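Engineer: Have a look at this one before I ask anything.
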Amino acid sequence: MDDTPVPIPRETGRRGQVRRGIFLLPNLMTTGCLGSGFYAIISAINGEFSVAGGAVFVAMLFDGLDGRIARWTNTESQFGKEYDSLADMVAFGLAPALLAFQWGAARLGDYGPLWERFGWLASFFFTMCAALRLARFNVRAGGGDKRFFEGLPSPSAAALVAAFVWFSHEWRAPGLIGLAIAFATTACAGALMVSSFPYPSLKQVDWNKRVKLAYVVIVPTFLYFIAIEPPTMLLAMFATFAASSPLLWAWRRLRRRPLRGTSSGG
């Protein structure tokens with residue numbers, strides 16, 4: 001980590017205070033992301049799984065604001081980038097994995113020690129992949145196509161796991177099949193994070209561009225249904241997003257495969 005102190009403008013009086021406040025604002029958003037992740041962990045330990053799932057999504061909101069505010073105010077720094085990665089590791093690496101573990105590992109233990117180990121390994125695998133994903137992103141942040149992420153972004157993977165547990169928590173007795181699916185989803189989300197599948201980046205969206213009329217109708221409709229049934233809608237949204245790139249890749253591979261019995265030459 002770069003320990004070089006970040007220079008602060010030397011303006012005095014009210015103007016200097018405003019500049020200092022603007023500089024600290026992105027880091028306050030990052031702290032909000034870190035605090036939400038920590039609260040999700042505490043809630044999961046206490047068995048408040050719905051609250052923990054909601055806290056992960058609050059962390060996503062803070063994570064989306066810190067970088068955008070830093071770019072808008074021209075206060076990006078190496079310190080902020082490193083701090084953001086550490087906060088992401090807690091909120092999107094540890095919190096979802098612990099949420100899944102606390103919710104299902106105890107129940108899996110009722111079916112034998114092997115199933116309990118499966119839950120433990122799936123949760124750890126997710127955390128490990130989140131760490132690898134963030135490290136790879138930091139190394140390659142300066143290059144590549146800015147319109148796409150390589151692998152599923154860690155906030156989206158965390159949202160998938162949190163929404164699945166939040167949705168499944170409404171079942172009183174999910175049973176062995178439901179628990180196995182939950183931890184398989186956790187492991188798959190981890191694998192997608194370290195995959196090479198491209199996912200679109202919303203960071204490159206031009207928010208000053210004219211909005212189409214269809215978006216004015218679709219976006220409020222989505223927000224309305226999310227407000228009515230948050231876990232169901234959020235699970236559907238992030239599961240669709242996570243599966244979109246692998247399904248698109250498989251579709252392209254199938255289209256390129258030649259038919260049996262056909263000749264490639266004349």
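Engineer: Please sort 116-126, 87-97, 41-51 by packing, taking for each peptide the average over its residues of neighbouring beta carbons within 10 angstrom, highest first.
Structural biologist: Numbers: 116-126: 19.8, 87-97: 26.5, 41-51: 17.2.
For the peptides 116-126, 87-97, 41-51, the packing ranking is 87-97, 116-126, 41-51.
Engineer: For labels at E82 and R140 in the simple 7 Å Cα→Cβ model, what's the distance in nm?
Structural biologist: 2.3 nm
Engineer: How do C129, C188 line up, fewest other C-beta atoms within 10 Å first?
Structural biologist: Values: C129 25, C188 20.
Sorted ascending by nearby Cβ count, the order is C188, C129.
Engineer: Which FRET efficiency value, to the nearest 0.05, is calculated for I228 and F148 with the Förster distance at 25 angstrom and r the Cβ-Cβ distance? Kindly include the intermediate steps, with their values, before the conclusion.
Structural biologist: Details: r = 32 Å, r/R0 = 1.29.
With a Förster radius of 25 Å, E is 0.20.
Engineer: On to the next question. Taking the Cα centroid of region 48-63 and of region 87-138, what is the distance between the two, rounded to the nearest whole Å?
Structural biologist: 16 Å
Engineer: Based on the mean of other beta carbon atoms within 10 Å per residue, what is the order of 235-247, 66-78, most packed first?
Structural biologist: On the way: 235-247: 16.9, 66-78: 15.2.
Highest mean packing first, the order is 235-247, 66-78.
Engineer: If you don't mind, another one. For S201 and E170 in one chain, what is 0.36 nm times their gap in residues minus the Cα-Cα distance, to one decimal in nm?
Structural biologist: Numbers: separation 31, 0.36 × 31 = 11.16 nm, distance 3.19 nm.
Roughly 8.0 nm would be gained on extension.
Read the figures in this text as sums done on the coordinates, not as results from a lab. For clarity, every value in this text was computed on a predicted model and none was experimentally measured. Reconstructed Cβ throughout: ideal geometry from the backbone, glycine too, with neighbour counts over all protein chains shown.
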